[in-house]
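One structure is given here, and the rest of the page talks about it.
The values are calculated or read from the model by the stated rules, or taken from the named source; none is laboratory data. Quick caveat, the model's predicted, so the values are computed rather than measured. Heads up, the Cβs are rebuilt from the backbone with ideal geometry, glycines too, and the neighbour counts pull from every protein chain shown. For accessibility, only protein heavy atoms count, side chains too; no ligands or nucleic acids. Shrake-Rupley method; radii C 1.70, N 1.55, O 1.52, S 1.80 Å.
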Amino acid sequence: MAQVARSKGCRSPFHSIKFFVFCHGMLQLALLLVSGYLKSSINTIERRYGFSSKKSGLLSSFNEVGSTFLIVFVSFFGSRVHRPRFIGLGALIASVASAIMALPHFLGGLYKFTDHTAITNVNNSSGLCQTDSAVTTLFADPSCTEEESTAEQWIYPILLTGQMLLGVGTVPIHPFGISYIDDFASKKTSPLYLGILLAVTCIGPAFGFIMGGFMLRFYVDIDKLSKDEIRLDPKDQRWVGAWWLGFLVTSIFLFVAALPYMFFPSRMPKEEDGEDDEIRTENATEPKKEQSLVQFLKSFPRIALRTFRSPVYLLVVFSQVFMAALVVGVATFMAKFIERQFSLSFSIANMMIGGVVIPLAVLGIVLGGVMMRRLNLSTIGASRMCCIVVTLSIFSAIPLLLIGCPTQKVSGVFPPSQDTLSCNTGCACNNEAFNPICGSDGIEFRSPCHAGCLDMKVDNISLKVTVDEVFGDFKPAENEKSGEGRTDRGGIQRNPRQTYVARNSLCIINYTGCTCVGSETGVPGTAVPGTCGTWCSHLLLPFLVLAALTCFTASFSQTPSFMMILRTVDPADKSFAVGVQYMLFRVLAFLPGPVLYGTVIDSACILWGGKCGKTTACLYYNMDHFRQRFFGVQAIFICAGLFCFLMVMTVLRRQTKKQSEDTGKEYELVNGEKRRESVSSRERPSLTT
């Protein structure tokens, strides 16, 4: 009768461990989609609300605050609670947290970039050189009201709250899901299920970056403005994509993924397997002993001391911490680096990371495990493998310090100069104005006013020009010789009388009478909207190849280092050792890593933005300093990880040698066969298998 009841119960999908694995894979995909999407859009949020890179780095890592101190207690309660329902509850909390992350967009008003209010002026003189009185009226910003300022003060705390709740929601999902599968899956299929979840864990962030690249193509206020009212182009430095849209999508995904967990039982029939049945029969009379919370807390210091006394464990964990700090810095700010260095949009940069860099890193992790299995590496062999692959990653990472673009020339900003421009002294330009234009002499200006431009010509786009919208923003004037200009980043010849194709406004804009453009000649020049760019797009491909190669080789150390931890700690302390490992990851890498990278990036800023008298996000970076400091920190982390792996290899060699000598002496006293027993002692599996 019991067998019949079991077979009837298994007819429901909620009594099948296979269906649980499917649901758990979808939930983990949704969670990692949120994580990857946040990192892909963090720089857009920074631009939208004027955060520094340090503040955006703290925002990126703040979910660790909600999870770090709860993970130990969640791991303890284990099978004492209804695990599927706790997983579902955590997923619902994460769903609410994702919705909270999108809340600032709906609480605030329209995104007001510099000169936004002046663009609709009847004379179309957006940010031009005007008289003092006219400029004061022109740059009056209605967003600088007390109500707007108060609303914006709550934006950062709301985002931090959402991140913290996201961390709280993710705490029970991973440990409860893994233990539930391990309890009720058969011994043969359990590794397959865990491998499937590992694969989902690896590809989730890649999907997040790809989704970020897609969502950021839409304008931030796409729900509030019509297409004709959008005045910016995605390549404009003031462009902000619809960062909030992805959080709504992931919130719905998490909510749907959470519902099935409410119907799974606390305990389900174990998958039938002959080998499992034998084990179950042998252990039927041995009830599992569970510690109380008081007993667990009493034994905690003893287990911790025993684990931390292992030098191999500590060195491997610290090496993983250094590598994890490197990964979290790359994931958070690499898109920003690519966008600034190579004058690309955030969406394209995110597509590159999600479609190239992350998949190669995942492939490296998988191949690292395959190599360990095929070569049957011992613990010392695993340490050697880690040293080799990290050393190779150093050789591919060092050239990244040299591959990059120079800082574009920006009048009054770079190269730094103490002399004030006399060509725009009568314009009384607003210091907070940011509407970059590129002069015909190749020098960039913060705004038309700073370039001393007196007039702006606006013409409707003809049918012939609309074709050029597909291929590039710039088109040479027909009456100019192609040899007079220089080649821009798209390979198109630019000349002093070029015009700008505005995709959304369907007009050609050309600033004229710019007294600061070509001021050496004394003849006012012309300018076009947008940045001049860095003109080094040919370096993007070698940069991307080296960056992907560095991630690929460094990721080979993931599986061997994890196996070294499992092989060098007491078998009874493996769960504790892994839990402490992930807690140290959060405290020492995931939490401070983005903040450290953000601080380093901020140190390369040469011009900060301003709004309503307050400092906002950085407008211009010294590209050489940005590149050297960004990859310099990564080089330090890689070298520190290599040093720890070298120390691990040294310690393992000494321990193995000492063990072999002690074992050989012991056998020599018994039967005098020193040579034969010493050799056999080296084949013992304690540290080398």
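Summary table below
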item: Residues of segment 517-528 that turn out to be at pLDDT below 80 and in a strand (DSSP E or B), as a count; result: 0
item: Considering residues of segment 500-513 that are at pLDDT 65 or above and not β-branched (Val, Ile, Thr) only, the residue surrounded by the most Cβ atoms within 10 Å (Cβ to Cβ); result: TYR511
item: Near pairs, Cβ below 7 angstrom, 6+ apart or cross-chain, from segment 334-363 (acidic (Asp, Glu)) to any residue that is in a helix (DSSP H, G or I); result: GLU339/PHE346; GLU339/ALA349
item: Residue match in segment 531-551 (condition: under 19 Å from the mean Cα position of the chain (by Cα) and open to solvent by 50 Å² or more (accessible area, probe 1.4 Å)); result: yes
item: Total residues in segment 376-406, condition hydroxyl-bearing (Ser, Thr, Tyr) and within 25 Å of the chain's Cα centre (by Cα); result: 3
item: Residues of segment 596-616 that turn out to be touching a Ser or Thr at 6+ places or on another chain (Cβ under 9 Å) and assigned to a helix (DSSP H, G or I), as a count; result: 6
item: Yes/no for TRP244 being touching a Leu at 6+ places or on another chain (Cβ under 6 Å), among the aromatic types (Phe, Trp, Tyr) and under 25 Å from LEU33 (Cβ atoms); result: no
item: All helices (runs of 4 or more DSSP H) inside segment 337-423 with 3 or more residues being surrounded by fewer than 21 Cβ atoms within 10 Å (Cβ to Cβ) and modelled with pLDDT under 85; result: 358-375
item: Some residue of segment 443-466 being outside any loop (DSSP other than H, G, I, E, B), open to solvent by less than 60 Å² (accessible area, probe 1.4 Å), modelled with pLDDT of 85 or more and not acidic (Asp, Glu); result: yes
item: So PHE113, is it crowded, with 16+ Cβ neighbours inside 10 Å, at pLDDT below 80 and of a type outside the set (Lys, Arg); result: yes
item: From the options ALA577, ALA572, residue that is at pLDDT below 80, of a type in the set (A, V, I, L, M), more than 20 Å from the chain's Cα centre (by Cα) and open to solvent by 60 Å² or more (accessible area, probe 1.4 Å); result: ALA572
item: Verdict on VAL168 being more than 27 Å from LEU360 (Cα to Cα), surrounded by fewer than 21 Cβ atoms within 10 Å (Cβ to Cβ) and at pLDDT 85 or above; result: yes
item: Answer residue from segment 580-604, given it is open to solvent by 20 Å² or more (accessible area, probe 1.4 Å) and β-branched (Val, Ile, Thr) and is modelled with the lowest pLDDT among those; result: VAL587
item: Test result for PRO265, within 29 Å of TYR180 (Cβ to Cβ) and not hydrophobic (A, V, I, L, M, F, W, C); result: yes
item: Search result, residues across segment 200-235 that are small (Gly, Ala, Ser) and open to solvent by less than 20 Å² (accessible area, probe 1.4 Å); result: GLY204, ALA206, GLY208, GLY212, GLY213
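Conditions (1) farther than 30 Å from CYS386 by Cβ; (2) at pLDDT 65 or above; (3) in contact with a helix residue (DSSP H, G or I) (Cβ under 8 Å, 6 or more places away or on another chain), marked per residue:
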{"site": "ASN479", "(1), (2), (3)": "yes, no, no"}
{"site": "ARG494", "(1), (2), (3)": "yes, no, no"}
{"site": "GLN498", "(1), (2), (3)": "yes, no, no"}
{"site": "THR515", "(1), (2), (3)": "yes, yes, no"}
{"site": "GLY530", "(1), (2), (3)": "yes, yes, no"}
{"site": "LEU539", "(1), (2), (3)": "yes, yes, yes"}
{"site": "LEU544", "(1), (2), (3)": "no, yes, yes"}
